[in-house]
Amino acid sequence: MNEFLRLDSLHSTLIIAIDDGIPRVLHWGEILPTDEIAGALAEGLTRPTPHAGLECEAPIGLMADAGRGYSGHPGLALHRAGQDFLTDLRVHDRRHTDVEITLDLADEPAGVAVTLAYRIYPDCDVLEATTHITNTGSTPLQLDWCASIIVPVPGRIAELIASGGRWCREFVLDRTELPVRSWLAENRTGRTSHQNVPALTLGSVGFSETDGLLMGAALAWSGNHRILLDRLADGRRVLHCGALFLPGEIILAPGAGFDAPKAFTTCSTAGLGGYSANWHRFTRTYILPQMNGPRKVHLNTWEAVYFDHDIPILKRLADSAAAIGVERFILDDGWFLNRSDDHRALGDWVPDPSKYPDGLTPLISHVHGLGMDFGLWVEPEMVNPDSELFRAHPDWILHQPGRSPITGRHQYVLDLARPEVFTYLLAALDQLLTKNEIAYLKWDMNRDLTAPGHHGVASVDRQTRGVYRLIDELRSRHPTVEIESCASGGARADLGILQRTHRVWPSDCNDALERIAILRGFGLYLPPEIMGAHIGPSPAHTTGRKLDFGFQAAIALFGHFGLELDVTALSEADRTLLARWIARYKHYRPLLHGGVSVRLEPDDPGMVANGVIAQDRGEALVCCARVTTSSAIITPPLRITGLDPGSRYSVRIIERTDHHSRQMRATTKFIDGETISLSGAALAACGVQLPNLAPESAVLIHIIR
């Protein structure tokens, strides 16, 4: 006899069916009527039995067990020295509230017990899945794979969006049709990676920002991972997300347990924009640590001075930054013992007496005297071979005995599973924060994990949990310190690290033209205010492209705004321009960081537009940037969706970053900055005509009810 368990959010319904003890997802998607008869739904979805198959089709259980004949990828892959390699988990207890379903499953012959918990966040339409495995047998159990979540994929789903890229080109969105066979993305870098974001988005045919069914899942994990869309010959499709284990990495002693990383899933019938809004609400409300106030304007010293630290120069830089409105001064790499370049000194976390003879206090006091917070760069997980720490403890690194360790950026990775390493790092960081009034840590991690061995055993899982534990313990001692997750740019941005850090450095590329695509890709899952967005030098450090500060500012405005350049070397006109943009960021900060992000869809392929709309739809700020020339001499009007159709709005262009007036012989009053009044319906259906922008320029539009 079937049993049905149900959870509802504002727009979504989960129904789990339990048949003969086997639990499966009957429905996850659009909300169903509260009086829907689950038994009738199950009957209506029962599949016929084809020829050349099993007598009874194997169900896709919540762990996709192979023990009932399921031929797809199992949710659990385990064995005891080659034995007990199948599971057939059955429910023996369940607990059900309005927001959570907990199922205790067991397979006595295999000696395995699993506890699954599904929690719905009604205000976000997000479902959380947690999985705990216990070895109930009498011999060690090797775990080779454990899906954190398994989601059946409806037949309407026809396209996917994967996200990834490379160093300095992170979060690129790749939209394709679903393949005829299975789709797989694996990350083996030991961190979240530049290449593969641990998430996947699926959509109905031709979905847009405002229309179509979207669903997807994201893994809260900063180590190796696997995202699999499994497609069976019988037409069924299943999405798996989970941590990827190296050979022999997870072996459970009798009675021992393992908590898989959490995973989350959401769905929306309001297009890609509604789908992203679910993730943003959830991340803001339930994932991110609490902020101590608004997100302050940063000045990071890296692209201003690099390793050349000189206190008088840094003080002048701080003076100039404060004069234009900067709120936080962050001292980047180069401040600690013997750190003259990236070949040496990682691990020796004390101020370099040759640069800071009285420690950091004089500089910090100067910064505070200017009304700014002080932040500091650290890279705790790493050590250079040329360092006092490595010379004293060469055995403290991740490595494989008998093999020469491999350097990356001239550094090794410290083994955080060793108690003495953990203790050393916690003490060093704690001392820095105790002795100095530091409000912010830029926590970097500049290389992949290669040969990640702990006493000869693969240890990415231990290392990742060690990083989490280190940050958690440090935050418990210094709860007001904000922490940025940086990893050669955006190689550690996920819902796991964000439970303990406050923002992400999404890319080492500050080129605003490249940042447009990074912003859109980052925003698929994560709210834009946690994305560090800095104005850098021209030409750009990583691309050599020359972009004016106005264009850079228009793009950076929609992230966590900051500067990364030598302000003292700028002209008075440029400093005035930056001061104006900083003031604008502060003015619109509540809207930018609390509103609903929208990715608009210009009818001109050479234009990219995005914006933020207030939660009550009373105000909006929109940026439209030209990235290439167009085949049309006049671009079509920009349609602005997401506002209240029945409300009337004042609409005005408040900034243009182009200086190419020769592109137009005559303009209009609106283009010249005059306010016009339009309904939300007219803005969505008809739009507004923008000036003829030159490439690498933008307009900023303010809209208020």
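The values are calculated or read from the model by the stated rules, or taken from the named source; none is laboratory data. This structure is a prediction, so every number in the text was calculated from the model and none was measured. Note that we place each Cβ from the backbone using ideal geometry, even for glycine, and neighbour counts take in every protein chain shown. Side chains are part of the model used for accessible areas, which takes the heavy atoms of the whole protein and leaves out ligands, DNA and RNA. Shrake-Rupley method; radii C 1.70, N 1.55, O 1.52, S 1.80 Å.
Side notes on the structure shown:
- Surface analysis of the chain yields an accessible area of 38 Å² per residue, using protein heavy atoms and a 1.4 Å probe.
- Stokes-Einstein translational diffusion, region 409-491 - Kirkwood Rh over all Cα pairs, 1.306 mPa s, 10 °C, in µm²/s: 115 µm²/s
- Most to least accessible of Trp28, Trp335 (protein chains only, probe 1.4 Å): Trp28, Trp335
- Put the Cα centre of region 483-517 next to the Cα centre of region 527-585 and the gap is 17 Å.
- With every protein chain in place, region 515-578: carbon and sulfur % of accessible area (1.4 Å): 54 percent
- C-alpha center-to-center spacing [region 25-51, region 235-266] in angstrom: 27 Å
- Taking the helices alone, the chain has a mean residue ellipticity at 222 nm of -5500 deg cm²/dmol, built from -39,500 (n - 2.57) per DSSP H run of at least 4 residues and averaged over all its residues.
- The listed residues Tyr286, Tyr468, once ranked by accessible area (1.4 Å probe) with the largest placed first, stand as Tyr286, Tyr468.
- In the complete set of protein chains, residue-level accessible area for Glu3 is approximately 60 Å², probe 1.4 angstrom.
- For region 446-599, relative contact order (Cα pairs under 8 Å, six or more residues apart, normalised by length) works out to 16 percent.
- Debye intensity ratio in log₁₀ form over the Cα atoms of region 494-556, taken at each q of 0.16, 0.22, 0.30 Å⁻¹: -0.52, -0.86, -1.31
- Percent breakdown of C-alpha pair distances by 10 Å bin, ordered from the shortest bin, for region 299-385: 18, 52, 25, 5, 0
- Calculated P(r) of region 530-588 - Cα pairs past 15 Å, %: 46 percent
- Taking all pairs of distinct alpha-carbon atoms in region 1-116, Kirkwood radius in angstrom: 15.5 Å
- Stokes-Einstein translational diffusion, the chain - Kirkwood Rh over all Cα pairs, 1.306 mPa s, 10 °C, in µm²/s: 58 µm²/s
- The chain - Cys residues lacking any other Cys C-beta under 4.7 Å: Cys56, Cys124, Cys146, Cys241, Cys267, Cys486, Cys623, Cys624, Cys686
- His560, His593, His73, reordered so the largest accessible area comes first (probe 1.4 Å): His73, His593, His560
- Distance between region 56-108 and region 144-175 - C-alpha centres, whole angstrom: 24 Å
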